[in-house]
């Protein structure tokens with residue numbers, strides 16, 4: 001049903017009942033159903049409980065969403081698809097409160113806590129919006145630190161770049177099909193990425209959402225390579241498969257590595273056809289040798305089909321179980337890719353496989369379950385535990401970005417974290433550090449120790 005403002009219509013008679021009378025105050029607490037909220041519309045209301053910022057998508061326009069307790073979780077991040085996930089979605093709605101910010105408010109990342117609110121349950125013409133008389137002093141979440149890898153460890157990172165498009169590669173050609181609208185916007189994007197990469201200190205990067213325009217001097221890949229060199233810790237190289245482009249999409253995946261730490265072994269490989277023909281982006285795989293130890297491993301960068309532009313019918317339509325549309329395509333992408341990677345690794349004489357990327361599937365959805373069923377280990381879950389998140393979607397946190405490894409490679413992992421520097425921070429606003437919000441996904445960081453040989457390989 002359409003959310004409309006409660007109003008009196010066709011009024012024929014009125015009377016003044018009093019003047020200068022204080023507005024009555026209603027006490028309320030989340031969760032609240034839609035019917036309970038309707039009863040509070042137009043009233044002065046006090047929420048006495050602790051509330052946390054859970055949605056920042058419209059922060060720059062003066063609107064955030066708060067939630068009772070902690071930041072909301074995506075239903076299929078914590079519940080199995082189906083009835084349990086749908087119940088969780090309903091509970092999330094009841095726990096949330098849209099808030100219109102007073103003028104000159106600060107910047108509030110997701111997780112910021114407020115000890116109660118006093119204001120009016122108003123309506124903005126489209127939906128209910130709580131308008132506080134003033135905001136109490138916020139309690140901000142800590143900005144997470146990362147630190148460099150330990151001596152001798154190899155750091156491998158998966159990072160979604162949020163549409164890294166460089167115009168014509170010579171300072172013009174903006175706006176792009178995606179990404180920055182102006183040269184100035186692109187310089188700001190590069191500055192944030194450069195600052196973040198200087199702190200991440202990766203030896204190997206698996207990236208997503210890179211403009212798919214080859215590897216020439218004017219390409220986005222070449223611009224990103226220069227950015228990595230400027231961030232320190234080089235020299236850097238890009239894995240270049242044959243051909244001008246990787247698949248037919250405007251965005252692609254990539255692999256970038258420090259050539260003083262790692263050495264590519266053999267030619268790169270791409271998987272095409274089936275779900276990788278116009279749906280999931282073609283994964284890029286490469287075998288590397290660690291120069292210090294001589295150990296080899298295979299890594300692949302992925303970007304599975306998103307949940308947008310849904311078909312009306314068929315197995316890829318939204319099945320209304322919480323997994324969204326194109327779930328079958330994402331699952332098929334996993335089922336096609338893992339055996340392919342095993343064959344590549346076997347031919348290279350290694351059992352060590354690392355699958356990185358933006359899988360566009362939350363933790364308990366079918367594609368992620370299939371990775372586990374096919375014998376791969378979620379490194380972040382194993383080494384850092386749960387809960388985790390790498391993305392904030394409509395006020396709910398969950399994991400879209402992963403590092404999956406074969407058991408033989410997982411045995412070499414010493415640290416695996418999702419560095420939460422992006423998803424919780426609003427875009428288009430002044431932030432306390434230059435590397436915050438370098439993209440909309442949080443990077444996945446894994447440190448490996450190849451210095452001790454394994455008898456299981």
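Readers should treat all values here as calculations from the given coordinates under stated rules, not as data from a laboratory. Keep in mind that what you see is a predicted model, and the values were worked out from it rather than measured. Note that we place each Cβ from the backbone using ideal geometry, even for glycine, and neighbour counts take in every protein chain shown.
Using a/c under 1.5 as the rounded threshold, could you call segment 152-300 rounded, prolate or oblate? The axes a ≥ b ≥ c are square roots of the C-alpha gyration tensor eigenvalues, and prolate needs a/b larger than b/c, oblate otherwise. It is oblate, given that a/c is not under 1.5 and a/b is not larger than b/c. Report the Cα centroid-to-centroid distance between segment 364-433 and segment 123-148 in angstrom, as an integer. Between the Cα centre of segment 364-433 and that of segment 123-148, the gap is 24 Å.
With both labels modelled 7 Å from their Cα along Cα-to-Cβ, the residue 265 to residue 343 distance reads 2.0 nm. Across the alpha-carbon atoms of the chain, the computed radius of gyration and Dmax are 24.6, 90 angstrom. The Cα atoms of segment 318-457 give a gyration tensor whose axes a ≥ b ≥ c have a/c of 1.5 or more with a/b no greater than b/c, which makes the shape oblate. The fewest-to-most ranking of 310, 325, 17 by surrounding Cβ atoms within 10 Å reads 17, 310, 325. Enumerate the residues in segment 340-370 having an amide nitrogen under 19 Å from the point lying 7 Å beyond the Cα of residue 80 toward its Cβ. Once the point is set 7 Å along Cα→Cβ of residue 80, 362-370 turn out to lie under 19 Å by backbone N, inside segment 340-370. For residue 89 and residue 38, the FRET efficiency from 1/(1 + (r/R0)^6), where r spans their Cβ atoms and R0 equals 22 Å, is about 0.65.
Over the chain, Cα pairs under 8 Å with separation of 6+ residues give a relative contact order of 16 percent. Listed by Cβ neighbour count within 10 Å, with the fewest neighbours leading, 190, 305 appear as 190, 305. Taking a label point 7 Å from the Cα of residue 25 along the Cα→Cβ vector, which residues of segment 108-133 have an amide N closer than 15 Å to it? Answer for this model: 116-121, 132-133.
Ordered by the count of other Cβ atoms within 10 Å of each Cβ, fewest first, 30, 284 give 30, 284. Between 0 and 90 degrees, the angle of helix 183-200 with respect to the longest Cα principal axis of the chain falls at about 70 degrees. Computed extension length for residue 382-residue 230: 51.4 nm, one decimal, from 0.36 nm per residue of separation with the Cα-Cα distance subtracted. Here the contact order of segment 25-134, divided by its residue count and restricted to Cα pairs under 8 Å and six or more residues apart, works out to 33 percent. Between residue 58 and residue 309, the contour length at 0.36 nm per residue exceeds the Cα-Cα span by 88.1 nm. Secondary-structure-derived ellipticity at 222 nm for the chain, considering helices only, amounts to -6000 deg cm²/dmol, per-run term -39500 (n - 2.57) for DSSP H runs with n ≥ 4.
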